[in-house]
Every structure is written in C-alpha cells, then in structure tokens.
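The values are calculated or read from the model by the stated rules, or taken from the named source; none is laboratory data. On a predicted model such as this, the values are computed, not experimentally measured, just so you know. Positions of Cβ are generated from backbone atoms using ideal geometry, with glycine treated the same way; all protein chains shown enter the neighbour counts.
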Amino acid sequence: MKILPIFLIIIQALTFRLAVAQDYKAMDFGINGDGQALNTRSIQAAIDYITNKGGGTLRFTPGNYVTGSFYLKSNVTLHLEQGANLLGSNNPFDYHKDTVVNWQSMIYAIRQHNIGIVGKGTINGRGFQTAMNALQNVHKGIVQDELKLDRLREWNRPENIYFRECKHVVIKDITLRDPGSWNQTYDQCEDLHVEGIYVDSKSYWNNDGIDVVDCKNVVIRNCFFDAADDAICFKSHDANAVCENVLVENCTARSSASALKFGTVSRGGFRNFVVKNLVVYDTYRSAITFAAVDGGFVENILVDGVRSINTGNVIFLRIGDRWSKGKKPFMKNITIRNVYAEVPANKPDLGYSYEGPVEDMPRNISPASIIGLPDHKIENVTLENIEMVYPGGGNALYAYRGTDPKSLDGIPEMANAYPEFSQFKELPAWGLYIRHAKQINLKNVSFRIKNTDYRPTIVADDLEGGVWDFKSYLNGQVLKDNFHLHQSKEIKTN
Amino acid sequence: MKINIIMVMIFLCGGMLTLNAKEYNASLFGIKSNGTTLNTTSIQRAIDFIHEQGGGTLRFYVGRYLTGTLVMKENVHIQLEEGAILVGSTNIYDYNIDVPNCALIYANGANNVTIKGKGVIDGQGREVAYTLLAQIQSGVLKDPLDYDRPRNRRPKAIYMRSCENVRIHGITIRNSADWVQVYDQCVNTVVDSITVDSKAFWNNDGIDIVDCRNFKLLNSFIDASDDAICLKSHDAAKICEDVEIRNCTARSSANGIKFGTVSAGGYKNIKIINNKVYDTFRSALTIATPDGGLVEDIFVDSLSAFNTGNPFYLRIGARWNKGRTGAINNILIQNVKVEVAKDKPDSGYPYEGPIEDNPRNTSPSSIVGLKDAPIRNVTFRNIEITYPGGANPNYAYRGTSKAELDSIPEMEAAYPEFSQFKELPAWGFYVRHAENIHFDRVVLKLKEKEYRPMLVFDDVNGYSLSQVKQSGAKGKKELVAVDSKKIKPRADSIIR
Amino acid sequence: MKKYLFLVFLWASCFRLFAQDYNASLFGCKSDGITNNTGSIQYAIDYIAKKGGGTLHFYVGRYLTGSFSLKSNVSIELHEGAVLLGSSNVFDYSSLNGKRALITAVGQSNIQIKGKGVIDGQQHLLQTHLTALRQKGYITLSDQPEDISLIYLQDSKQIQVKGIMQLNLPGAAQFVDRCEDVTFQGLDINCPGGIGVYVRNSNKVILSNIFFRAIERALVESEGNQGLTKENSRLANGKSI
C-alpha cells in the first residue's frame, strides 16, 4: 500500500523532468535577433505554445532580441545563451502595466509555477533611453505622471523582471542590466532560487539590484550586484505577508544606496534570514540596513561574514513609524558577526553613474546605529567579532552633537521620516550609537580611527541591558573613556 | 622687367603663405576622440585660433569626435584622417538653430576653406530630428511640421554661403538630418572624390549647388534619400553658372540629377558628363523651372541609368514665379542608356520614395512646357531607353484623341514631378508645349506590350525624328502628333 | 422647436470640438520602415478614443506595425505617400476566433480608414514565416486565405474604408462578420492568391469603385448577408464583379 504513492511521486517527478527537457529554439518561432525587430508577440506566442505543450525551454542563441512586455508561463524556462541579449524596447508604449502588480515590466510572471530564466546571456532593459522617451511623452501631454523629483514614478517605468505569486522560480547565471526602474522584483513567491547572476543596474533612478518582497524559501547565492539604488533588497509590501526563510550566500554588492537592506516598505515583516559571506564595496550608504518603519517586524536574523570596504556606513538598524496604520513594529534576535568594515572620509560611490545624493549636511562621519522608538525598542542584538575602521577627524566646528543630557535628548525621534543612517545629521558617537533598545551585546568588537574625533566611540541612550566586550583605537593606541551612557541601565563592560 | 619683379613678389608671397599654413593636431586644443565628450567649444576655439594665426590645417586622427555646430573661418583647413569621425551631437540645442540653414559645419563668407581626408562626417540625423520633434511637441521649440516632420530647424551636415575657393575632398558624409551639403552663392568650389551615404531622414538631398559660379563636382558617389545631385536657384537675382558634374554615381529615392525644385534665378552653362544613376525612385534627370528661372545651355553626355523610375523629366511650371516666366532653352542630351524599372526601384532602402500619383502605369519621359512658354531647342542624340511596358488600361487609361490630350491638366502651379499628371498617353516620350525638339538616333525598347503609342507630341512647334526606332514588344503605334509641326532635322542646337 | 434645433447644433459643435486631429509622430510613431510602431499606434487610438474621438494622421513615410484594434469614433487617415507596413511576423497579427488580422474592430462603430496611402501586407515574407511555423507545428492556422486578413471587422457598424491602396495582402484584404453599414470605396486592391472582400452575416455592405489589380476571388459572400451593393467595381481584365 505504501509503495503506490511513492511510485506516483517518482513518476510525477519524471514526467516533470521530461517536460522541462523539451528544447525549443527561439528562432523557430520567428523571434529575430537582429537588434531591430520587435519580438514581443512572437516571444509571447512561443511561451504560450510551450506552456500548452506541457512545458520546456525556450532557447535564445546569440543575438539581440528587442522586446516589450511579455508573460512567462508555468513550466517554461527561458535559456539565454552567452551572447544572447534580450533588449528592452525604447518605446514606452511597448510596455504593459500589469493590473495585478500595477507596475511596468519587461518580463512578467503572475501566479505561475516551475519557471526560470537561465544561461549566460543578458537581459538589458536599456532603461535610460526608455525613461527619457517616457519623460518626453509626459512633456508632450499624452501621458500623465506627477514627475516626482523631475522623473516618472518608478511604477511607470519598466523593470526587467516582475514575478508575483509564483512557485519554484529559478534565476541562474544571467546578466541583468540597465532597467528603467528596479531591476527584478519577486513578490509573494515561494521557492525562489537565484544563483550566479550578474546585476549591473546603474542606468537610472531607483535601479535596485534585486527586490524580494514577501517571499518564502529563498536562496540567493554566488551573485554580483552593482546598483544605483539598494543592491540586495528585501521588502514587505503586504501587512499580512512576511519575507521568510531566506539564505543569502557568497554575494558581492556595490550600491549608491545600501548593499543589504530590509525595507523601506516593511508592512508585514522579515524572519529567519541567514546572510553569509557578503562582500560590500564602494557603497554610499550602509552595508547593512534593517528598517521596520511601516508596522512590520524583523526577527531571527543571522549575518555571518561581511567584508565592507569603502562604504559610507556599516550597520543601521531602525524602527520607525511611517505607514504603520496602528500596527506595532518590533525588531529582535539579530546576530551580526565576523565583520570587517572600512568607512572612508570621502564619498564612496564617487564617479559611478547615478551617485547617491549628498544630503543631511552638515554632518561628520556617521556611526553604526541601532535606533528604535521609545515605545518600540530594538531587542536582543549581538555584534560579535567585528572590526570597524573609521577615518575619524570629526570636527565640532563643522557639526556638533554633545553628550550632555540636553544635547542627547535634543536628537529628534524622526519616527515618520524615511529611514537612512544619515537622517539625524550629526550623531554624538563616531563608532556606535544606540537609542531605545534592550539587550545589545558586543563580543570582541573593535573600533579604529586614524584622526582624533571630538566624539566618544559609543553612545547609548535609553538602553536596557547588554554585555559589552569592545575596544577602540586611535592609530593603534587604545582609547580610554570611550563610551557614554545616558538613561541606560544594566550594561556590563569589560 | 617690372612685370618680372611683381611675379617674383607674388611668388614670395605665395611661399610665405604656404609657410604660414601651419598644421595643428586636434589634441592640442583638448579635443577628445572618445565619442562622448562634446567638443564643440574646443574645436571652435581651434578654428578661431588657426584663423587668427593666418590659417592652417586642423588635423583629426582616428577616433570619434562628438560636436555641435562649428563655424568655419577663412584659411582654415580641416583634415580628417582615415578613421576620424566628426560625430554630430544628438542634442538639438548643440546646433545654431536660430540662424536659417543651421548646420553641423557652417560657413558664411569664409574664403579658402577645405575639408579633406578619408575621414567621415556623421550627422546622426535621425536621432537629431527626433529630439527636435520631441522639443517641438513639448512646446519648447517652435517649428512648423511639414508632413509631420520639423520643417526648418533640422541641421544640415555642411552649409556654406558666399564662400570662395572651397575644397571638399575625399571625405564621407553620412546621416544628415536635412539636406547633406549646401553650397549657396559660392564661387570657385571643387567637391571631389567624396562619398555621401545619407538615408537617415526625410529631405536628405545628397548635394545642393545653389546659385554657385564655377563649381565642380567630380568623381563622387552619392546615395541619398532625396535628390542625389541637385542644382537650385534660391535668389531671383542670381544664377547657377558654369557648373561641371563629372564621373559621379548617384542613387536616390527621388531624382538622380535634378535642377530645382526652387529655381528662382536659373541655370546657365551646366555640363553633366559621364555619370551613372541607379536604383532611383524618380527620374534619372529632372530639369524643372517652376519659379520663373531660366535654364540655358545644358549639356548632358554619357549618362547611364539602371533600375530607375523614370528617365527624363523637363518641365516649365508657374509656382512661385511672381509674374516672371521660366524658360528652358538649348538642351543637348547625348550618349545615354537608361533602363526603367517595373517595380519600385528603391524598394528596401531606408526612407523609400512615396507611392503616389496613382492610379498610373509606368510613366514616360516627359517634356512639358507651358502654353505661352514652350521648352525650346532640345536635342536627344544616341539614346537607348528600355521600358517595362505592360500597362493595364483597366487600371489607368489615357487616350490620344485631341479631347483626351486636352484633358490632361496643365498643373503649372503643382510641384513638378514626372508622375504628377498620373496616367500619360505615351509609353516612351510625352512632349507638350515645346519648340524645336530633335530626336536623333533614339532607340526605345519595350519589354511587355503597351496600349499606348511610343511618342505623343501635343503642341510641338517643330520636331524632327531621325533614326528613331522601337524594339521589343508591341506598342500601339509609333507617333501621335496633335497640333504639332514637323521640321527638318538640323544641326546641333548647341554648339560646343 | 427652436430650442431643440439649438440643442442639436450645440451637440454637433461639441462633437466637432472633440473630433480632433492627431499626428502619428506625437505618439512616437517612426516612419523609417524598420521601427515596429504597434505600441505607439495602439496607445494613440486608445488616447484619441478617451478624448472623445478624432483622426490619427499618417503622413508620407513607411510605418511598420503589428496588429492594433480600432476604437469607436477614431479614424485613421493615410495621406498620399504614407505606407502602413504590416509586420512580416505572423505572431504580430492578433488572433480572434482562430483568425488573424492586422487591423481589427470588434463591437465598434463610426470609424473611417481613408486617404490615398497604402497598406502593405508584406505577403511574401509573411508566407515564408507561416510556412516555417506550419512545418514545425508551432501554429494552428489553416491555409484558407480568409483566416488571415488585413482588416477584420466584427459586430461593428458605420465603418468606411476609402481610397486606400492595399498591397501584398496576407490572405483576405477585408473580412466582415456580423456588421452593419460598412462601405468599401475607391480601393485599389493587389492581393494575388487572396480574397478582396469576405462578407458574412452582415447588413448594408457597399462595394463601390474598387479596382482589383490582382486577386484570386474579389468577393466572397458567405451566409446570411442582406443588402450587399456592388457598384462600378472591376477586375484587372475590366470585368465588373
């Protein structure tokens, strides 16, 4: 009796594989790689045909395949061979705005399963020119857009990939470049496997590297991200959904915003994350930003192994109250360990296209920060085996924040502001600033500066509990009296 | 003795001049060859500097030099070495759009100017035209749209006005947004061994020679999405005079070689010798004077045309003539071989010529004057033309009765084009309102049979036919002459 | 009564106010013969329909496109020299009830397609593509000419197609199904091996002054037609249809 179901499962697995093994050549459908023909409808026809036949692979040989929006369907994999470029059309009217996700994209998949995009080829949105052309259409008066910051809103510009409510998704080996908006969004997907992709995403505003929104069971491994906006970005758009069970492993990220980020939209929450071996460089904002500002939570997070070079800020943990709508946010059980970070004196993303904005000035170099709200404290964070190297040289004449009660209490809460490490302008510490938190532990943490800074290494305000084992150095010399506590209790230091 | 001294002094001066003609490399002025740095101001500074120094050569080596409008100055020579590309900016505001005839390379009253070498000028015209259009549609720039395209502010690749001693040699000119090159009221110009490849946008005339005196266009290849080699006369007080077009090859989605359309002053003593025309949508040769201009002493020798929509179109009109009457007088066309296409001859080229003036079977060569201004003294000698034939009278029909011939509209105010009358009653030549027309050794071949006669003469005051033959498939008859008078064949109407 | 007339006048003037003219270039249409303008043309039609109707004008040039659908009160004018060039890829022709077409109108009214311009179906390239797809079994489309058409009208009324030259058509030049009050006038149809006009289940269809330069069957009348008028329409050999 027991044998039958197992047998059935094996059979099912076999048929599934056979279906996938069927290979179709794009050119056989008349899909044309001459860099000129618009292939939208023939690609769609090929996908529809393959899905109706039970599935298979649509293979693109080297060539330049121009397309507008199309939909990937169940059991279909796009295989882009090395030298095959899927190019986004430059005519904004060749893109569709899907009514489920209400966002423009080149490749959509909505409620499909067993889908993939693989191979060493490239998806190139050519988004800058498309965005420019869309802007012209607004100026001509034939398209409506509020033009926030003199640009079309991000949902009115095409992404490269937008998948929603899909199961068993594989994105492997491809190069993704130059979208008109975010690069790739996976929204409420399950079993998402992203491996070995190369992302070059600096063509226009809002060029996130990857956005994983409210997904379950996600692996992102051996990937490279270079993005004008957040590089590896987890979001929670739905207050009833959660981003959970995620492994990010062996990835490299460069960003003109944050390298690894939870948020900004964070309505539901984030839980059970493991981030291993992350390399961050030339990044304008934080190597790691966890933001719970829209009522969502962050819990059970392990970050193990980060090398952050020439990056503007190391860690920014933040609870805010922006679009919470009464929902209570929390952030707890976070371990960050085995980190080496160098923070530069100058702008880390200088010379990249779409550099991050110079803002929140005047301000000396910002410290790593863990900042909750008076009623919503960040709890149980452990920083272990960490070395942070800062330039120092904080100049009190340029920007000043003292450690006297009045100065510390004068730091605004900014609960409903957009969360960014620099939002408070000058902070009173150069290494680590903690406010509204419980049980923050430091194990074998060292802070280094090269020039004297008028601020202490660590300032804690409204911190309840913590075991601190840390040292700080000025040019290799141990600094004494290197921390300041305000309205805090139960801190044990070595 | 005195004369000798003067000669020596002239020689010395000449020597000093060449000494002064120094050479400068583009990099000296910070001009960058990366294709992305906009070099307009540094190239302009170089031109101004060389001009101030008394002249010299600005040399560009291999690389892409992005630039907006450059204003040429006296005694400045630009040398584009092989692999050097002067690339037009795609930003319309990088051009001198506030002057009439804006252009990538612009000169007004600059003498002794040269552009030479094996390099390229690439106008990126399609992109420029589209950015201009977007600016017009956004309401920022004003320019009327003709046929849904900006009329006035598309930059030309080269515009030179009132310059003496201009030399253009060896270069390739590509992708203009408007006419490719215009020489307007210039004196002593030589354009030699150039290549024009310009099918980037509408109105891409290959070369426009406007009211110039002593102009030579030699050994050049011109492929353009409007008239390829075009003589014009914009000024009623001026004239295009002493022009020689020799050893050139032309391809066009309009006319191969054309006089007009704007022909206010006129054309005198024009020699067109040993040229080829192919894959051309309209006529191999059009001589049109709809604006009151005078066309006189035109000599065409050794012209061959293959796969062209029409052989010859000679036309006097009355469009913008303001009371003056145009004239065509003394035309000799000899040693010509033409093959007329059955299908669209420019099919598949970017910016094909428009399908228009239908219904109409294949059009004949036409010589059409006005009632009170006949075309005078035209000789065709040693001509061979092959027509496809196969006209379908059910599709388009024009008979040869006097009433039917009279019903052909005069259309003197219309834009002159070989197809303007739609169906014409002949398959070989249609001549109306002319005087002293001589056909000498003319062979017209027909591939499929015709319902029309070979020749129709209507109001031709004096014509002669000697050794005129038809071969191939059958036409209706050889000649229908109405209100016309035959005269004896006579000696050349033009003596050379 | 006077009041009533005034209202009618007001309504008429409103209509005129709304029936605006739009150039194709405004919507980014390119006349280079190689840019596929489908997205721009469809956006233009939808936009004009939303604005209360009008005419989309194409001037001299070659406008490549895949299929687009017409909307009520939006007309298309192809001026002399304008060529609407059908894509050579059969998947660019939308599929309706197993039939494919370049220009479709389903359940629409008050539309004109007019002017001295050309619609070119690029028959030879399209056939090559179709044949290749059929060999691989990648398409289910019969080889009946009426299964791929240039203009496909269904459940529509007050439609006029006037003056256009139709070249190299894929199968049928026009397919009319369950329509009322449709006029084809002054067309010049060149469709070797194809059908000029296919009509079924329709009322008041007028064919007037049409010249069929090359055609397999000029007119196919299928079941259920009422009031089909033919006037002064001829084949290449001069015979009336």
The strands (runs of 3 or more DSSP E) lying wholly within segment A:72-184 that contain at least 1 residues that are farther than 24 Å from A:MET27 by Cβ and of a type outside the set (Gly, Ala, Ser) are A:96-98, A:103-110, A:113-118, A:159-164, A:167-172
Those residues of segment A:296-319 which are in contact (Cβ under 8 Å) with a residue 40 or more places away in the chain and under 17 Å from A:GLY372 (Cβ atoms) amount to A:GLY296, A:ILE315, A:PHE316, A:LEU317, A:ARG318, A:ILE319
| said: Yes or no: segment B:359-367 includes at least one residue that is touching a residue at least 12 places away in the same chain (Cβ under 8 Å), of a type outside the set (S, T, N, Q), within 14 Å of chain C (Cβ to nearest Cβ) and surrounded by fewer than 20 Cβ atoms within 10 Å (Cβ to Cβ). | reply: yes
- [ ] Might you let me know whether segment B:187-206 holds any residue that is in contact with a helix residue (DSSP H, G or I) (Cβ under 9 Å, 6 or more places away or on another chain), of a type in the set (Ser, Thr, Tyr) and either in a strand (DSSP E or B) or at pLDDT below 95 (or both)?
- [x] yes
Check whether at least one residue in segment A:401-409 is surrounded by fewer than 22 Cβ atoms within 10 Å (Cβ to Cβ), of a type in the set (A, V, I, L, M) and under 23 Å from the mean Cα position of the chain (by Cα), and report yes or no. no
Scanning segment B:120-146 for residues that are buried (at least 24 other Cβ atoms within 10 Å of the Cβ) and small (Gly, Ala, Ser), the one farthest from the other protein chains (Cβ to nearest Cβ) turns out to be B:GLY123
Residue count, segment A:332-348, condition assigned to a loop (DSSP other than H, G, I, E, B) and aliphatic (A, V, I, L, M), comes to 2
Hey, B:GLU384 crowded, with 17+ Cβ neighbours inside 10 Å, within 14 Å of another protein chain (Cβ to nearest Cβ), out of contact with any helix residue (DSSP H, G or I) (no Cβ under 8 Å at 6 or more places or on another chain) and at pLDDT 95 or above or not: no
Legend entry - Residue check, B:LYS271 under 22 Å from B:HIS234 (Cα atoms), among the charged types (D, E, K, R), part of a strand (DSSP E or B) and within 15 Å of the chain's Cα centre (by Cα): yes
Checklist entry - Does A:GLN44 satisfy the condition of being under 25 Å from C:VAL90 (Cβ atoms) and at pLDDT below 95? => result no
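Every residue, every condition in (1) among the basic types (Lys, Arg); (2) more than 30 Å from A:ASN250 (Cβ to Cβ); (3) within 14 Å of chain C (Cβ to nearest Cβ), yes or no:
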site	(1), (2), (3)
A:ASN102	no, yes, no
A:SER105	no, no, no
A:ILE110	no, yes, no
A:GLY116	no, no, no
A:THR122	no, no, no
A:GLN136	no, yes, yes
A:PRO158	no, no, yes
A:CYS189	no, no, no
Picking from A:ASP321, A:ASP304, A:ASP375, A:ASP349, the residue that is among the acidic types (Asp, Glu) and surrounded by fewer than 17 Cβ atoms within 10 Å (Cβ to Cβ) would be A:ASP375
The correct count of residues that are surrounded by fewer than 24 Cβ atoms within 10 Å (Cβ to Cβ) and assigned to a loop (DSSP other than H, G, I, E, B) in segment B:221-242 is 6
So, first residue in the same structural domain as A:HIS79 (by TED's automatic domain parsing) and on the phi > 0 side of the Ramachandran plot in segment A:22-51, second residue surrounded by fewer than 23 Cβ atoms within 10 Å (Cβ to Cβ) and of a type in the set (A, V, I, L, M, F, W, C), Cβ within less than 8 Å, six or more apart or across chains; the pairs are A:GLY30/C:ALA132; A:GLY30/C:LEU133; A:GLY35/A:LEU87
Checked segment C:71-93 for anything surrounded by fewer than 24 Cβ atoms within 10 Å (Cβ to Cβ) and over 12 Å from C:LEU126 (Cβ atoms); matches are C:LYS71, C:SER72, C:ASN73, C:SER75, C:GLU77, C:HIS79, C:GLU80, C:GLY81, C:VAL83
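Matching residues to (1) free of Cβ contacts under 8 Å to residues at least 60 places away in the same chain; (2) exposed (fewer than 15 other Cβ atoms within 10 Å of the Cβ); (3) more than 18 Å from C:ILE159 (Cα to Cα); (4) within 12 Å of chain B (Cβ to nearest Cβ):
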residue	(1), (2), (3), (4)
C:LEU187	yes, no, no, yes
C:ARG213	yes, no, yes, yes
C:VAL220	no, no, yes, no
C:LEU228	yes, no, no, no
C:LEU235	yes, no, yes, yes
C:GLY238	yes, yes, yes, yes
Filter segment C:156-191 for residues that are among the acidic types (Asp, Glu) and under 13 Å from C:VAL205 (Cα atoms); the one that is nearest to the chain's Cα centre (by Cα) is C:ASP177
**Request:** Test B:HIS77 against the criterion of being surrounded by 15 or more Cβ atoms within 10 Å (Cβ to Cβ), at pLDDT 95 or above and farther than 23 Å from B:THR195 by Cβ, and give yes or no.
**Result:** no
Taking segment C:81-132 and keeping only residues that are within 24 Å of C:ILE34 (Cβ to Cβ), among the hydrophobic types (A, V, I, L, M, F, W, C) and away from chain B (no Cβ under 14 Å), one is left with C:VAL90, C:PHE91, C:ALA101, C:LEU102, C:ILE103, C:ILE113, C:LEU126, C:LEU130, C:ALA132
Quick count over segment B:98-146, residues being more than 24 Å from the chain's Cα centre (by Cα) and β-branched (Val, Ile, Thr), is 3
In the set C:LYS50, C:LYS71, the lone residue that is within 11 Å of another protein chain (Cβ to nearest Cβ), out of contact with any Leu (no Cβ under 8 Å at 6 or more places or on another chain), modelled with pLDDT of 95 or more and under 21 Å from A:SER69 (Cβ atoms) is C:LYS50
Looking across segment B:163-191 at residues that are of a type in the set (Ser, Thr, Tyr) and touching a Gly at 6+ places or on another chain (Cβ under 8 Å), the single one that is nearest to B:ILE121 (Cα to Cα) is B:THR172
Note on segment C:185-236: residues outside any strand (DSSP E or B) and of a type in the set (A, V, I, L, M, F, W, C) are C:LEU187, C:ILE210, C:ALA236
Expected single match for more than 26 Å from B:ASP223 (Cβ to Cβ), more than 14 Å from the chain's Cα centre (by Cα) and assigned to a strand (DSSP E or B) among B:ASP279, B:ASP301, B:ASP297 is B:ASP297
